[in-house]
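Enquirer: Take a look at the following structure, please.
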Amino acid sequence: MARLGYDLSGAEVWEAVLTDPTSTFNQLSHIVSHSPPNLLVLDSITQLQGIDVRANVTNLIYR
């Protein structure tokens, strides 16, 4: 990401390990609502399969 001009040295990294999609999205919602990010990177969204990821993440960011 540094090559793209992003400094992620102060980024919060959270790994969604073997949880259901709803719990993963709820945790993501909690983190974003308490500390709105300037940049939100979802690297591998397989933990969110089964829910409408695009609509939910769009709603989450634009709240």
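The values are calculated or read from the model by the stated rules, or taken from the named source; none is laboratory data. The structure displayed is predicted, hence computed values, not measured ones. We place every Cβ from the backbone using ideal geometry, glycine too, and count neighbours over all the protein chains shown.
Enquirer: If a residue has to be farther than 13 Å from N56 by Cβ and surrounded by 11 or more Cβ atoms within 10 Å (Cβ to Cβ) to count, how many in segment 28-38 make the cut?
Expert: 2
Enquirer: Moving on to the next point. Any idea how many residues of segment 1-19 are modelled with pLDDT under 75 and either in a loop (DSSP other than H, G, I, E, B) or surrounded by 12 or more Cβ atoms within 10 Å (Cβ to Cβ) (or both)? Please lay out each step first, then the result.
Expert: To start, the set of residues in segment 1-19 that are modelled with pLDDT under 75 comprises 1-2, 12-19.
Imposing the further condition that a residue be either in a loop (DSSP other than H, G, I, E, B) or surrounded by 12 or more Cβ atoms within 10 Å (Cβ to Cβ) (or both) reduces the set to 1, 12-19.
Selection size over segment 1-19: 9.
Enquirer: Moving to a separate point now. Looking only at residues in segment 20-59 that are in contact with a Pro (Cβ under 6 Å, 6 or more places away or on another chain) and at negative phi, which one is modelled with the lowest pLDDT?
Expert: To start, the set of residues in segment 20-59 that are in contact with a Pro (Cβ under 6 Å, 6 or more places away or on another chain) comprises 48, 50-51.
Within this subset, residues satisfying the condition of being at negative phi are 48, 51.
On the way: L48: 64, I51: 67.
Among them, the one singled out is L48.
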